[in-house]
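All remarks here apply to the structure that follows.
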Amino acid sequence: MTTVVRFSPDLSSWLVQNLERGATPVALMNTMVSQRMEPRAARAIIDAFVVARREGRAVPLDSVAFDDAEPDYVSEPPRIGNTSSIVAGDRRIKVLARGQRPTLALLAEVMSADECKELIAMAKPRLKPSTVLDPQTGQDVVAAYRSSLGMFFRPQENALVARLEQRFAQLMNLPLENGEGLQVLHYPPQAGSAPHFDFLQPSTEASRHSIERSGQRVSTLVTYLNDVEQGGETVFPEAAWSVTPQPGHALYFEYCNSAGQVDPRSLHAAAPVLRGEKWVASKWMRQRRFAPASESLV
């Protein structure tokens, strides 16, 4: 079935202006989704603008049509199982709560207090403004919708990182080699992130190449490293879930099933930090061994 999405001329002008100044399609889509636009509609509008500009045609003024035949996401049993606790390397982790759409689990004491403090100390000197993957170039770029600071550790960079990566891989029930580099994010006061997806959007060449190399992202583990005085919740607006950071606890969620479908209900955001600061460690898993873009150049 074909769906027609209508929008205001103001949105058309806004898109043209932002594309001309170099804004990436994924950044524009995240902004539109953060304003409660349905993700597939936002993607269809942006794709139509990108194609029109590339082919030298006039951009749409107030509507686009797209095929709405995409089947509903099929939920599957969670990769981490349905038990009340999970053995992950050197510790047994308790499951405090679960959700079905998206598949998620709140996990207790994934990291110790000492591990949290040590990871923060190692990350602090290397923090830079957080970046996202530009689907047009495949490069990491700073995005206005993410106001945190961040850094990545190299795989197995030191004893602590190696121990955590092994623990996280067993917890997430996927091979160690499927994991992207461990990321640490710091949110100072008022920092947060707009609603976004962790899975890759296959509508651009760079994202398609990344998926060809390593498969789609399938799951995320966000481990909270400190006690946030107020704010900083992880929010799932489509599922009416909100998770308050607790040091050492973690939030696990999935968004890609065995057929390669991705779950639009995994849309999530980081609420602004109102008092204090927020530190998290994030781990993303792929369908296959993670091969960064640099490997394709060797």
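The values are calculated or read from the model by the stated rules, or taken from the named source; none is laboratory data. Only a predicted model underlies this, so the values are computations on that prediction, with no experimental measurement involved. Glycine also receives a Cβ, built like all others from the backbone with ideal geometry; neighbour counts cover every protein chain displayed.
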Residue ID - farthest from the chain's Cα centre (by Cα), chosen from residues in region 246-258 that are outside any strand (DSSP E or B) and closer than 16 Å to LEU200 by Cβ: ASN257
Number of the exception - PRO155 against (1) in contact with a Lys or Arg (Cβ under 9 Å, 6 or more places away or on another chain); (2) outside any helix (DSSP H, G or I); (3) modelled with pLDDT under 95; (4) not polar (S, T, N, Q): (1)
Residue match in region 74-86 (condition: assigned to a strand (DSSP E or B), within 24 Å of LEU171 (Cβ to Cβ) and more than 20 Å from the chain's Cα centre (by Cα)): yes
From ALA259, ALA239, residue being in contact with a Lys or Arg (Cβ under 8 Å, 6 or more places away or on another chain), touching a residue at least 24 places away in the same chain (Cβ under 8 Å) and surrounded by fewer than 21 Cβ atoms within 10 Å (Cβ to Cβ): ALA239
The one condition in (1) in a strand (DSSP E or B); (2) more than 18 Å from the chain's Cα centre (by Cα); (3) at pLDDT below 95 that ALA97 fails to fulfil: (3)
Tally, over region 214-255, of residues that are polar (S, T, N, Q) and over 19 Å from GLN190 (Cβ atoms): 6
Failed criterion for LEU96 (all others in (1) surrounded by fewer than 19 Cβ atoms within 10 Å (Cβ to Cβ); (2) in contact with a Ser or Thr (Cβ under 7 Å, 6 or more places away or on another chain); (3) assigned by TED's automatic domain parsing to the domain that holds THR223 hold): (2)
